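Undergrad: A single structure is presented below for examination.
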Amino acid sequence: MLPSQAIRALIASGEIAGMAEIEDAQIQPASLDLRLGKVAYRIRASFLPGTKATVREKLTAVTFHEIDLTKGAVLEAGCVYLVPLVEHLKLRPTIAAFANPKSSTGRLDVFTRLIGDYQAAFDAVSEGYAGPLFAEICPRTFSIKVRYGSRLSQIRFRRRVSQQIDSDERPGRVGDRALRAIHSDVGLVEGEAAIREGLNLRISLEPIPPTGLVGYRARRYAGVIDVDQVGAYDVQQFWEAVHLGGDRRLVLDPHEFYILASKESVSVPPEYVAEMAPFDPLIGEYRVHYAGFFDPGFGYSEGKAPGAKAVLEVRSLDIPFIVEDGQIVGRLVYDRLTELPETLYGQGIGSHYQAQGLKLSKHFRQE
């Protein structure tokens, strides 16, 4: 995986470019924030172009109408939109890219995915990709206000390596044996780490004193949230506090959205990045964590780790599902960086979630 200085080099070489100059604030320790362009298309349904078509060739057949984003516009909950992004790529043959929603986007229950021309999968472009980028956006609970330049998603870049380093991992991916060694050295979680195909995480339903809070459930029809406003909204207007009895069990109601936290505080050492693994149907009919990137240095400070909870963005699917305190709900997989990044998460770069506990997105006033 490429760190910030390598991303800057891709910008300098023209492999990453934009209709407007790329700003320093877009460059994160191991990713690049992507900006919305000047127009959004309200579309009938999500789609992929496939390997034989461009996005625009498929777009005409599913477009309801266009929306001007230059003065700001509301994207309504339950609707699907496609937005051409400011950035475009012209990558060398050894570099691929993939994307996720930014943390603040996921915590608003905004589902967003990257699409590229001639691509058969969401959130990824193949090695050597040259072409435009598009964001599919579907606000699930809250309607959101966006504008030209709003940043809802981020992209990472992976350089092909010639051989595997460890027999139990793909190139660059840290296998279980190596993860155990890292945990022994710096500590990925407090105490014993549960490692199987990554670092397993448990859910915390332990009441937080003095309020007894265990999480939040989103209120539907609460209002519009401007994604570019920080600390502007009252928590109680948009969220219902979740409190539990003594059994520490929570019934996830179908299609409701919850913000909960991991029982473990986790760490991503400076040489690595991490990602929450995709939904695993073997552990239950629900989805955890829409925004899956964890930057180098997350939960890590002065060689002391770990120090930050993983916030879980949880949605039950078609049936009610019970989760219990301490139940395994997801796993982090780690990748190596090609070199140490110039800056780490939280070190003077405006990171909002370093040393976090149970925390809503940056848009809400912290109580």
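The values are calculated or read from the model by the stated rules, or taken from the named source; none is laboratory data. What you see is a predicted model, and the numbers here were worked out from it, not measured in a lab. Reconstructed Cβ throughout: ideal geometry from the backbone, glycine too, with neighbour counts over all protein chains shown. Protein only, heavy atoms only, side chains kept; ligands, DNA and RNA dropped before computing areas. Shrake-Rupley method; radii C 1.70, N 1.55, O 1.52, S 1.80 Å.
Undergrad: Just to be sure I understand the filter: pairs with C-beta atoms under 7 Å, separated by 6 or more residues or on different chains, first member in segment 326-342 and part of a loop (DSSP other than H, G, I, E, B), second member among the hydroxyl-bearing types (Ser, Thr, Tyr). Which pairs pass?
TA: Leu337/Tyr272; Pro341/Ser4; Glu342/Ser4
Undergrad: Also, I was wondering about something else. Output the strands (runs of 3 or more DSSP E) that fall wholly within segment 105-157 and possess 1 or more residues being touching a Lys or Arg at 6+ places or on another chain (Cβ under 7 Å), under 18 Å from Pro49 (Cβ atoms) and touching a residue at least 40 places away in the same chain (Cβ under 8 Å), or say none.
TA: By residue number, 130-139.
Undergrad: I'm trying to understand the selection: among the residues of segment 237-264, which are open to solvent by 20 Å² or more (accessible area, probe 1.4 Å) and in contact with an Asp or Glu (Cβ under 9 Å, 6 or more places away or on another chain)?
TA: Initial filter on segment 237-264 (open to solvent by 20 Å² or more (accessible area, probe 1.4 Å)): 237, 240-241, 243-249, 251, 253-256, 263.
The answer is Leu244, Asp247, Arg248, Arg249, Pro254, His255, Lys263.
Undergrad: If you scan segment 203-222, which residues turn out to be of a type outside the set (A, V, I, L, M, F, W, C) and in contact with a strand residue (DSSP E or B) (Cβ under 8 Å, 6 or more places away or on another chain)?
TA: Hits for segment 203-222 are Ser204, Glu206, Pro207, Thr211, Gly212, Gly215, Tyr216, Arg217, Arg219.
Undergrad: May I pose another question? Within segment 1-20, restricting attention to residues that are among the small types (Gly, Ala, Ser) and open to solvent by less than 40 Å² (accessible area, probe 1.4 Å), which residue is nearest to the chain's Cα centre (by Cα)?
TA: Ser4
Undergrad: For segment 177-274, which fully contained strands (runs of 3 or more DSSP E) count at least 1 residues that are without any contact (Cβ under 8 Å) to a residue 40 or more places away in the chain, not assigned by the TED database to the domain that holds Leu32 and not hydroxyl-bearing (Ser, Thr, Tyr)?
TA: It comes to 239-243.
Undergrad: In segment 226-233, is there at least one residue being at positive phi, within 23 Å of the chain's Cα centre (by Cα) and of a type in the set (Gly, Ala, Ser)?
TA: There is at least one residue in segment 226-233 that is at positive phi, within 23 Å of the chain's Cα centre (by Cα) and of a type in the set (Gly, Ala, Ser).
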